[in-house]
Amino acid sequence: MASVKNITFAVAVNNRGLFEDNFLASPCLRWPGDCQILAQEGFASASIAYNDAIDKSLNDLIVFCHQDVYFPETWLSQLQSALDFLEARDPAWGVLGCGGVTRDGQVRGHLYSTGLGVLGKASDPPAPVQTLDETVMILRKSSGLRFEDTLPHFHLYGTDICLRAAKRGMNNYAISAFCIHNSQQGLILPEEFYECCKHIRRVWKDSLPIQTNCIRITRFNVPIYLRRMREFYLRYVRGKEFGGTRVQNVHRLFQELGGMPDSPDSETRPKTGRRQANEASTTDPS
């Protein structure tokens, strides 16, 4: 049975300041359990970075997340509730996440993303989804699931591993475990994102259409064509490339969203009872 008492966090890091001000400031890390943190730096792609983390993980339960994610004190207990629910109903689950979408585009899970607001609902049971957002993903090392090394860059690796789990008969779920993605939301997606879309479309052609949190990937690529037209308009007509910016004090944002005060101390790095591996940064994992 999966338990948060022994857990590994794998974080793709390319900006130590963001890592320290957000992830390492997370109150859920200040608990007496056995928590391993792998800061994955210097990898050519997210898939390579996270497969390396799977190999290094000392625990079965692994959380993969962005460096600008903030986990409240209640996050681990909410994750455990989801694990307990699935242990009784679907113990062979594949991948979990805090945000995901169904095949018909319905958002599931529960998180706050800068520029987008609150996504999903609190207290909902784990909901089956086609794909999960890469912000936070959870899997078990013992499941044998791995990320696709040939997928380039730092996009859609969550989509790919969800499809791999589904191909093996595993269900993927978005869970109600609230966290904050303190990101700078880009209205214009980088060219690398569209390269990843081409990869997913080619490798998973038998699974089309594929609904991701950003775009719907189809046989004839109409949604991608329309999005690129919109991006051209936003960039060259409106001169607008970002839909939200990071906040400096993510704990204050959590309180403003109705969170309970966590009284964080000035020391944000993991303390006694945690193992930190000084491994790992990526190109732009946020």
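The values are calculated or read from the model by the stated rules, or taken from the named source; none is laboratory data. If you're wondering where the values come from, they're calculated on a predicted model, not measured in any experiment. We place every Cβ from the backbone using ideal geometry, glycine too, and count neighbours over all the protein chains shown.
Does the range 71-89 hold any residues that are among the aromatic types (Phe, Trp, Tyr) and crowded, with 22+ Cβ neighbours inside 10 Å, and which are they?
71, 75
Check residue 246 against each of (1) farther than 30 Å from residue 73 by Cα; (2) basic (Lys, Arg); (3) at pLDDT below 95 and name the one condition it does not meet.
(1)
Kindly list, by first and then second residue, each pair from a residue in the range 205-230 that is over 18 Å from residue 116 (Cβ atoms) to a residue that is part of a helix (DSSP H, G or I) and among the polar types (S, T, N, Q), limited to pairs with Cβ atoms under 6 Å and residues at least 6 apart or on different chains.
Hits for this filter: zero, empty list.
Going by the structure shown, is residue 173 closer than 27 Å to residue 42 by Cβ, of a type in the set (Phe, Trp, Tyr) and out of contact with any His (no Cβ under 8 Å at 6 or more places or on another chain)?
No.
Taking the range 56-78 only, how many residues are within 30 Å of residue 185 (Cα to Cα), in a helix (DSSP H, G or I) and of a type outside the set (Gly, Ala, Ser)?
3
Report whether or not residue 22 is in contact (Cβ under 8 Å) with a residue 60 or more places away in the chain, polar (S, T, N, Q) and surrounded by fewer than 21 Cβ atoms within 10 Å (Cβ to Cβ).
no
Which members of the range 96-143 meet the condition of being among the small types (Gly, Ala, Ser) and under 18 Å from residue 209 (Cβ atoms)?
Those that are among the small types (Gly, Ala, Ser) and under 18 Å from residue 209 (Cβ atoms): 100, 105.
Do you know which residues across the range 97-106 are touching a residue at least 60 places away in the same chain (Cβ under 8 Å) and either under 20 Å from residue 207 (Cβ atoms) or not hydrophobic (A, V, I, L, M, F, W, C) (or both)?
Hits for the range 97-106 are 97, 99, 100, 101, 102, 103, 104, 105.
Condition (residue is surrounded by fewer than 16 Cβ atoms within 10 Å (Cβ to Cβ), closer than 30 Å to residue 90 by Cβ and not polar (S, T, N, Q)) applied to the range 232-246: is it met by at least one residue?
no
Being within 22 Å of the chain's Cα centre (by Cα) and among the aliphatic types (A, V, I, L, M) is the filter here; which residues of the range 204-220 pass it?
The answer is 210, 215, 217.
Looking for whichever is small (Gly, Ala, Ser), surrounded by fewer than 22 Cβ atoms within 10 Å (Cβ to Cβ) and over 17 Å from residue 175 (Cβ atoms) here; the options are 92, 49, 44, 53. Which one fits?
Only one candidate passes the filter, namely 44.
Would you say residue 63 is in contact with a His (Cβ under 6 Å, 6 or more places away or on another chain) and either closer than 30 Å to residue 127 by Cβ or of a type outside the set (Val, Ile, Thr) (or both)?
Judged against the criteria, residue 63 is not a match.
Okay, residues lined up against (1) out of contact with any helix residue (DSSP H, G or I) (no Cβ under 7 Å at 6 or more places or on another chain); (2) of a type outside the set (Asp, Glu):
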{"position": "184", "(1), (2)": "yes, yes"}
{"position": "190", "(1), (2)": "yes, yes"}
{"position": "193", "(1), (2)": "yes, yes"}
{"position": "201", "(1), (2)": "yes, yes"}
{"position": "206", "(1), (2)": "yes, no"}
{"position": "211", "(1), (2)": "yes, yes"}
{"position": "217", "(1), (2)": "no, yes"}
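Would you mind telling me which numbered condition in (1) under 24 Å from residue 255 (Cα atoms); (2) out of contact with any Leu (no Cβ under 6 Å at 6 or more places or on another chain); (3) part of a strand (DSSP E or B) residue 81 fails?
Failed condition: (3).
From the residues in the range 108-132 that are touching a residue at least 40 places away in the same chain (Cβ under 8 Å) and hydrophobic (A, V, I, L, M, F, W, C), which one is nearest to residue 69 (Cα to Cα)?
That would be 111.
Just to check your reading of the model, which residue among 64, 43, 71, 85 is among the aromatic types (Phe, Trp, Tyr) and over 18 Å from the mean Cα position of the chain (by Cα)?
When all the criteria are applied, what remains is 85.
Given the criteria modelled with pLDDT of 95 or more and over 26 Å from residue 246 (Cα atoms), does residue 40 qualify?
no
Scan the range 116-133 for residues that are among the β-branched types (Val, Ile, Thr) and within 11 Å of residue 101 (Cα to Cα) and jot them down.
129, 131
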